[in-house]
């Protein structure tokens, strides 16, 4: 086995335990409770909203929505089997992903009516990007919910967020609907 193949095998096996390492970084993924880590999560959400504001000028200022949005994701975690994963690089929080279960009612038009994972938010701090951290977070989140019987994952991204669209398409996601807005 080549050194690269051996390293990939080692990294893949370590990922199963939520921890991986490379020559330079110690990477660990941990599930956390939003209510117990409000300051950290709010700071990540602020950074996410600032990033989205560059892509969409109608994104609300974090100061205007912090309390209500933090309440919303805290409730989704508690009431809808939510999972909030944080990735740490050398002990430093580098990013996160958050998703929760949505139960469908009988008003849906799709054939599938079971549980769905809705991936609500995700973000990697700029100085930690291009290391595959978001991919690790996404794989871990998906695997958690696949083991719970989820067969469908829903995600939204901004129409001009081409990097995320490319990431999702490479991961097997397909665009199925377009949301049109008219601001009056």
Binning at 10 angstrom from zero up to the longest distance, how are the C-alpha pair distances of region 29-100 distributed in percent? 19, 50, 29, 2
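In nm², what is the average projected area of the convex hull enclosing the Cα atoms of region 38-184? Can you show the working numbers first?
On the way: hull surface 40.9 nm².
So the mean shadow area of the Cα hull is 10.2 nm².
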Fewest-first ordering of 71, 46 by Cβ atoms within 10 Å yields 71, 46
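Just so you know, all these numbers are worked out from the coordinates, no wet-lab data involved. Owing to the predicted nature of the structure, the values given are computational and were not obtained by experimental measurement. With ideal geometry, Cβ positions are generated from the backbone for all residues, glycine too; neighbour counts draw on all protein chains shown.
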